[in-house]
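Data block below; observations after.
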Amino acid sequence: MNEPKKDVIRATDAEAVRLATTLIRSARFGALAVIEPSTGSPLASRVGVATDTDGTPLIVVSALSAHTGAMLAEPRCSLLVGEPGKGDPLAHPRITLVCQARPLERGSSAHARAERRYLNHNPRAKLYSGLGDFSIFRLEPERASLNGGFGKAYLLGRADLITDGPIVEELAASEQSALDHMNADHLDAIAVYAHHFAKAEGDGWTMTGFDAEGMDLASGDAVCRVYFPQPLKTARDLRPVLVDMAKTGRMPATQG
């Protein structure tokens, strides 16, 4: 008798969701796959990546690129993110998102916010992002396939990846001033967040973004993701949470 086929897809749990959002929020590049209009064949290309406040991937692309015309003709696309690291590249986590590409209108508030967040995350893109032939697309996730390494496959839905509610707009409105303040006056606290909570190494860490679930940090080419103990309910919760986390991160050193 044939044995029943084993389901390779694991039940999606909080750990899988945390890994998925970390991969997406931390990504600075990814592989974008689109549908070539003239042939209907898949076309893949490397693109720079950031995320909007709600977690939606953002890409900045030139009108001269084949994938830009493809997305305008057919918005269905997919995005693969996750850096290989050392050793076998298939042993490292990665996630593929099935998306609908939506261009943002230049001059709109959505475009301004996306551009700001993209350049905070990818500062080298300032060399070309302002050129007239470059556009910003939101890649609206519909579902995702997470591979956490050998034997760790998960299927996720949009609700697992995207933050909804008033908190998104609240944080977006105050985010840049909070980032500027922290990067100007509290680099010592940022170093605590990176070293204690993300177990990151090295110096020179700065903040590149806030969202309801956590913060994104960078030091040169290195990036790390730090989650809040609990998701923020309002933008007013940000400051006390940062203060408490800095105190918590410093405790081992003061009690040693």
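The values are calculated or read from the model by the stated rules, or taken from the named source; none is laboratory data. Computed from a prediction, not measured in an experiment: that's the story for all the values here. Virtual Cβ from ideal backbone geometry, glycine too; neighbours counted across all protein chains shown. Ligands, DNA and RNA are stripped out before the accessible areas are found, and what is left, the full protein with its side chains, is counted by its heavy atoms. Shrake-Rupley method; radii C 1.70, N 1.55, O 1.52, S 1.80 Å.
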Sparsely packed trypsin sites (Lys or Arg not before Pro) within segment 113-202, loop by DSSP, other Cβ within 10 Å at most 16: K152, K199
What accessible surface, in Å², does a 1.4 Å probe find on S177, ignoring ligands, DNA and RNA and rounding to the nearest 10? 80
When every protein chain stays in place and a 1.4 Å probe is rolled, H196, H181, H111 sorted by accessible area with the largest first are H181, H196, H111
From the Cα gyration tensor of segment 100-244, with a ≥ b ≥ c the square roots of its eigenvalues, which class applies: rounded if a/c is under 1.5, or else prolate if a/b is larger than b/c, or else oblate? rounded
Bounding extents of segment 100-179 in its principal axis frame from Cα atoms, largest first in Å, are 44, 30, 23
Want the number for T39 to A110: 0.36 nm per residue separation, take away the alpha-carbon distance, what's left? 22.3 nm
So how far, in whole Å, is the C-alpha centre of segment 138-180 from the one of segment 49-121? 12
For segment 202-228 and segment 3-42, what is the separation of their Cα centres, given in Å? 23
Got the relative contact order for the chain handy, in percent, Cα pairs under 8 Å and 6 or more residues apart? 18
What is the log10 of I(q)/I(0) for the chain, computed with the Debye formula using one identical point scatterer on each Cα and no solvent, at q = 0.14, 0.15, 0.16 Å⁻¹? -1.00, -1.13, -1.27
Given the options P37, P84, P57, state which has the largest fluctuation in a GNM of the chain using a 10 Å cut-off (strictly under) for Cα springs. P84
Volume per residue (Å³) of the convex hull spanned by the alpha carbons of segment 55-147 is 120
What full-extension length gain, to one decimal in nm, is calculated for R239 and R102 as 0.36 nm per residue of separation minus the Cα-Cα distance? 46.0 nm
Helix-only mean residue ellipticity at 222 nm, the chain, DSSP H runs n ≥ 4 weighted -39,500 (n - 2.57), per residue, nearest 500. What is it? -10000 deg cm²/dmol
K233: which aspartates and glutamates have alpha carbons under 20 Å from its alpha carbon, excluding same-chain residues fewer than 8 sequence positions away? D52, D54, D160, D164, E169, E170, E175, D211, E213, D216, D244
May I ask you to compute the full-extension gain from I9 to E201, defined as 0.36 nm times their residue separation minus their alpha-carbon distance, rounded to one decimal in nm? 65.7 nm
Give the Debye-formula value of log10 I(q)/I(0) at each listed q (0.12, 0.16, 0.22 Å⁻¹), with one equal scatterer per alpha carbon of segment 1-116, two decimals each. -0.54, -0.86, -1.29
Given +1 on the Cβ of Lys and Arg, -1 on the Cβ of Asp and Glu, and no further charges, what dipole in debye does the chain carry about its Cα centre, rounded to the nearest 20? 320
Could you work out the longest stretch of the chain that avoids the GluC sites (Glu not before Pro) located in DSSP loops with at most 14 other Cβ atoms within 10 Å? 1-104
Report ³J(HN,Hα) in whole Hz for each residue of segment 164-169, in order, from the Karplus equation J = 6.51 cos²θ - 1.76 cosθ + 1.60 where θ = phi - 60°; Gly and Pro get x. 10, x, x, 4, 5, 5
Tell me, what HN-Hα J-couplings in whole Hz come from the Karplus equation 6.51 cos²θ - 1.76 cosθ + 1.60 at θ = phi - 60° for each residue of segment 107-124, using x for Gly and Pro? x, 7, 5, 5, 5, 4, 5, 5, 4, 4, 5, 5, 6, 4, 7, 10, x, 5
Say we join alpha carbon atoms closer than 10 Å with springs in a Gaussian network model of the chain; which of Q176, Q100, Q230 then has the biggest fluctuation? Q230
